[in-house]
Amino acid sequence: MVDREAAGKARERLVDWLRHERDSRVSGGLYHVTQIRFAFNSNHMEGSTLTPEQTAQLYDTGTLLADAGEPIRADDVVEAMNHFRAFDWMLDHVDDAVDECLVCTLHAMLKRGTRQEGDARYRVGAYKMLPNVIGAGLSDTPTVAPAEVSAAMEHVFALYARLEDDPFAIARAHWMFETTHPFSDGNGRVGRLVMFKELLRIDAMPLIVRDEDRALYVRGLSQFPSQPGYLIDTLLYERDYYRMLVDQFASGLIRCTYNDHWDRAQVKACASSGGIANPFVRKKG
């Protein structure tokens, strides 16, 4: 916990609390826990072999001791360290608009020093030049073609610019980013950092999508146009988890909204009428 005279004072923005703990090098507080759990879960969902304990060891010491006979991929270590740095950069740019420069900077930071950085096909820090899908092997959800990514991302940026603490709006903006899939790799990690950033910007409770909920999350993304409730409820569930962390480490000290109400009938009607779509995604066939 942070030693400060908080009683009786106005609650502060969550982003300011996190920055203060970072700059004061607070160990074991909300910022410390957020860094480790966010990096572990977001990377592990994308195939990292690091354990929660190894991720914590990397963050705390910058070193890693592997179990006997256990191989560790160099990129897993690099990407964990990169996520720590990208999260810090994001905290310092919370109030910046989400635009091409911001998302490409996050992508470059997450992929810096990896094998992909030296492979021109991956275009680290720039939009993709080859087509891709979401959840390869799990859902194979189609995404926006490379030639249309720039136009699709302008739509994503507009959704985030007018974001409010509304469960449907939050899920829709994130889904639009992920179905656009602007990068050759790392889209999930960039998208989740952007979502965390934007919730901090509007002083709403952010979230960490946990690896244990990956199947629910991927299902939510793949079925959002027809069954938006899956993704909406999954993201609310993850916001509940992060709210628990905030209450544990900074109870009553943070100014942060959390709206868990959404009009299911209205959203269902919107989905039934075909009103939930990424207009830049071309259907197969």
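The values are calculated or read from the model by the stated rules, or taken from the named source; none is laboratory data. Here the structure is a predicted model, which means the values were calculated and not measured. So basically every Cβ, Gly included, is an ideal-geometry build from the backbone, and we count neighbours across all protein chains shown.
Quick check on my filter: what residues within the range 178-205 are small (G, A, S) and part of a helix (DSSP H, G or I)?
To start, the set of residues in the range 178-205 that are small (G, A, S) comprises 184, 186, 188, 191, 204.
Listed by number, the residues that qualify are G188, G191.
When the residues of the range 21-60 are narrowed to those that are assigned to a loop (DSSP other than H, G, I, E, B) and hydrophobic (A, V, I, L, M, F, W, C), which ends up nearest to M244 (Cα to Cα)? Walk me through how you get there before you give the answer.
Within the range 21-60, the first condition is being assigned to a loop (DSSP other than H, G, I, E, B), and the residues that meet it are 24-29, 45-51.
Narrowing the set further to residues that are hydrophobic (A, V, I, L, M, F, W, C) leaves 26, 45, 50.
Numbers: V26: 19, M45: 22, L50: 25 Å.
The selected residue is V26.
Conditions (1) modelled with pLDDT under 95; (2) closer than 25 Å to L207 by Cβ; (3) of a type outside the set (S, T, Y), marked per residue:
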| position | (1), (2), (3) |
| --- | --- |
| E12 | no, yes, yes |
| S24 | no, yes, no |
| I36 | no, yes, yes |
| A39 | no, yes, yes |
| Q54 | no, yes, yes |
| L65 | yes, no, yes |
| W89 | no, yes, yes |
| D95 | no, yes, yes |
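Specify which of the listed residues (R189, R201, R239) is in contact with a Leu (Cβ under 6 Å, 6 or more places away or on another chain) and over 24 Å from A277 (Cα atoms).
On the way: R189 fails: over 24 Å from A277 (Cα atoms); R201 fails: in contact with a Leu (Cβ under 6 Å, 6 or more places away or on another chain).
None of the others qualify; the one that does is R239.
If I ask for residues that are within 18 Å of the chain's Cα centre (by Cα) and among the aromatic types (F, W, Y), which ones from the range 86-126 would you list?
F87, W89 - these are the residues of the range 86-126 that are within 18 Å of the chain's Cα centre (by Cα) and among the aromatic types (F, W, Y).
Table: residues versus (1) of a type outside the set (K, R); (2) outside any helix (DSSP H, G or I).
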site	(1), (2)
C101	yes, no
M109	yes, no
K128	no, yes
V149	yes, no
E154	yes, no
F157	yes, no
L163	yes, yes
M176	yes, no
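If you go through the range 193-204 one residue at a time, how many are within 29 Å of A265 (Cβ to Cβ) and either touching a residue at least 60 places away in the same chain (Cβ under 8 Å) or touching a His at 6+ places or on another chain (Cβ under 9 Å) (or both)? Walk me through how you get there before you give the answer.
At the first step, the residues of the range 193-204 found to be within 29 Å of A265 (Cβ to Cβ) are 195, 198-199, 202-204.
Okay, now just the ones that are also either touching a residue at least 60 places away in the same chain (Cβ under 8 Å) or touching a His at 6+ places or on another chain (Cβ under 9 Å) (or both), so 195, 198, 203.
Qualifying residue count, the range 193-204: 3.
Quick one: count up the residues across the range 221-234 that are surrounded by fewer than 21 Cβ atoms within 10 Å (Cβ to Cβ) and within 21 Å of H261 (Cβ to Cβ). Don't jump to the end; show me each part of the working.
Going residue by residue through the range 221-234, those that are surrounded by fewer than 21 Cβ atoms within 10 Å (Cβ to Cβ) are 223, 225-227, 229-230, 233.
If we keep only those that are within 21 Å of H261 (Cβ to Cβ) too, we end up with 227, 229-230, 233.
Residues flagged as surrounded by fewer than 21 Cβ atoms within 10 Å (Cβ to Cβ) and within 21 Å of H261 (Cβ to Cβ) within the range 221-234 amount to 4.
Mind checking which pairs have a first residue in the range 32-60 that is under 22 Å from F249 (Cα atoms) and a second that is in a helix (DSSP H, G or I) and among the polar types (S, T, N, Q), Cβ under 8 Å, 6 or more apart or different chains?
I36/T55; A39/T55; F40/T55; T55/N43; Y59/Q35
Mind checking which pairs have a first residue in the range 206-218 that is part of a helix (DSSP H, G or I) and a second that is crowded, with 18+ Cβ neighbours inside 10 Å and of a type in the set (G, A, S), Cβ under 9 Å, 6 or more apart or different chains?
From residues that are part of a helix (DSSP H, G or I), the pairs are D211/S42; Y217/G188.
Suppose we keep only residues that are touching a residue at least 40 places away in the same chain (Cβ under 8 Å) and among the charged types (D, E, K, R) within the range 99-138. Which one would you say is surrounded by the fewest Cβ atoms within 10 Å (Cβ to Cβ)?
Filtering first and then ranking leaves R121.
Taking the condition of a type in the set (A, V, I, L, M, F, W, C), buried (at least 17 other Cβ atoms within 10 Å of the Cβ) and in contact with a helix residue (DSSP H, G or I) (Cβ under 6 Å, 6 or more places away or on another chain), does V218 pass? It would help to see each step written out before you state the result.
On the way: of a type in the set (A, V, I, L, M, F, W, C): yes; buried (at least 17 other Cβ atoms within 10 Å of the Cβ): yes; in contact with a helix residue (DSSP H, G or I) (Cβ under 6 Å, 6 or more places away or on another chain): no.
Spelling it out, it is not the case that V218 is of a type in the set (A, V, I, L, M, F, W, C), buried (at least 17 other Cβ atoms within 10 Å of the Cβ) and in contact with a helix residue (DSSP H, G or I) (Cβ under 6 Å, 6 or more places away or on another chain).
In the range 61-98, which residues are surrounded by fewer than 17 Cβ atoms within 10 Å (Cβ to Cβ), among the polar types (S, T, N, Q) and part of a helix (DSSP H, G or I)?
T61
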